[in-house]
Amino acid sequence: MAYKSDDVSEKESSAKHWASYAGDCPCVNRVLASRNTKLWTVFKFINALLRAFGQVIFCNNPISGLFVLIAVIVAQPCAALGGLLSGIVAVIAALLLEQHKEEVAAGRTASNSVLLGIVTLALARTQTYDIGLGPKLWVSIIFASVFCVYVSIALTSLLFSLPRLRLPCLQAPFVITQTLLLFCLLHSAYPDVHHAGTLEHGMHPIQPVESIEPANLTVEISPESLELSTEPPLETTTFIDLNNLEWNKTELFPDVEGIDYEGHHMGKELNWGEVLAGVILSSSRVLSIHSVPSAVLLYFAILIFSPLSASFALIGSIIATVAGVIFSESPEAYHAVYEGSWGCQGLLCAMVIGGIYYVLTWQSAVAACACAFFAAVVRHFIGDPEFMPPSHNAPSRLPLLTLPFVLSALLFLCLTSVGDGFLRPSHLSSPEQQYVDYRETYGKCARGKGKWGSMDSSRHSSHEAKCPLAEPEDV
């Protein structure tokens, strides 16, 4: 019996040891809170920067943030450099603007700027945008990162001031700032794109031809010179050649790194193997990169923060990807499904609703799945210009980013209930920790009053208020 008790105690100690690194990584917070020297200020800054990388996928954990940074380096090192630059600038700007130190240390203030730096550099080298990596681009990223901090602070104050709701801004500052930045960069790189003489992407406007005085020519035609020709005219042969010309499928649908997609994107039948690859690539699509190793590292980063969040991320990705298959109107539209453009919206929605901004209950779990499907509906309604055929591809076309996720998640975060179906946590943490706090708080109330009371979930404050869970009321 003593042996068994020692075995159980070892398991409990190992579980507690692992819990100190999972979730919000409380061991790092305890160490940094007890150090106030100037040397430790550097480590606090690095902790805030890594947590900002983790908050890109809603993981308040420096270890998860480190894996996010490694995932970006594996796919595009230049994009990782852009994320580091944006994150450093955003953390400094937030400190100069005297924001809450807890919010800055958790990385929430700088997370949208980090995402902006990564996505801007990831899209800059694609064939669709082809923006040069010059000094103008880096200076624009610095100014946009500061502007994104201002937008994040303003939207947080605006949404928090709404009575009874106190909504988070999520990735809305990123969507607004990234759209404006890409619009300015594209029109700066292609100033003549909307010129009347411009025909296609990258072509110069057609110069007007000087008028030529017609010569006075007289031609005598004899009846013997008129002969019927059986050869088609030049215009007809040109159209025949164009019709017989086969499209270059590799240029239309580039291969995704790590998986051989050649010859499958234009197929008439759905390839379920590539649909599964789209589910995996959904996590990397959040950062606008396409790499299977990076996608696996991002899922692992979520798993370190919370196994529940990783489960909801996978479920939401599957729901949105299957919805993308249903909503695809042509075989060419499957390309967006294969690249994870549909799944990334559902992945984020399921994570946010399923245990992060709501305490996990069966009602919030069902709402997370419904929100993932609704995000796919919103994406289908808006459409994604990035996956249009090249004949309609203009340099001024802007990507959809995570706009369907922002709209869907903000709508579902307005849910309330008379009972304990939709409970807002007193402070943001991992879904497991929030559920434990909820059970402990209301378990004491239930033991004191003999039964579970009914409560209005709209009375709960968000994490900024730092208020304890409200007392249940008897019906």
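The values are calculated or read from the model by the stated rules, or taken from the named source; none is laboratory data. All values reported here derive from a predicted model rather than from experimental measurement. Methodologically, a virtual Cβ is constructed for each residue, glycine included, from the backbone with ideal geometry; neighbour enumeration extends over all protein chains shown.
When region 97-138 is limited to residues that are modelled with pLDDT of 90 or more and among the β-branched types (Val, Ile, Thr), the one that is nearest to Arg30 (Cα to Cα) turns out to be Val104. Please verify whether region 413-423 includes one or more residues that are under 23 Å from Tyr129 (Cβ atoms), outside any helix (DSSP H, G or I) and modelled with pLDDT under 85. No. The residue of region 277-301 that is surrounded by the fewest Cβ atoms within 10 Å (Cβ to Cβ), among those that are of a type in the set (Ser, Thr, Tyr) and under 10 Å from the mean Cα position of the chain (by Cα), is Ser288. Going by what's in this entry, would Gly258 be described as farther than 30 Å from Leu428 by Cα, of a type outside the set (Val, Ile, Thr) and modelled with pLDDT of 85 or more? For Gly258, the condition - farther than 30 Å from Leu428 by Cα, of a type outside the set (Val, Ile, Thr) and modelled with pLDDT of 85 or more - is not met. Among the residues of region 104-158, those that are in contact (Cβ under 8 Å) with a residue 60 or more places away in the chain and touching a Cys at 6+ places or on another chain (Cβ under 7 Å) comprise Asn112, Ser113, Leu116, Thr156. Restricting attention to region 159-176, does a residue exist that is under 23 Å from Leu50 (Cβ atoms) and among the β-branched types (Val, Ile, Thr)? Within region 159-176, none of the residues are under 23 Å from Leu50 (Cβ atoms) and among the β-branched types (Val, Ile, Thr). For region 52-99, the set of residues classified as free of Cβ contacts under 8 Å to residues at least 24 places away in the same chain and not in a helix (DSSP H, G or I) consists of Glu98 only. Of note, Arg30 satisfies the criterion of being in a helix (DSSP H, G or I), at pLDDT below 90 and out of contact with any His (no Cβ under 9 Å at 6 or more places or on another chain).
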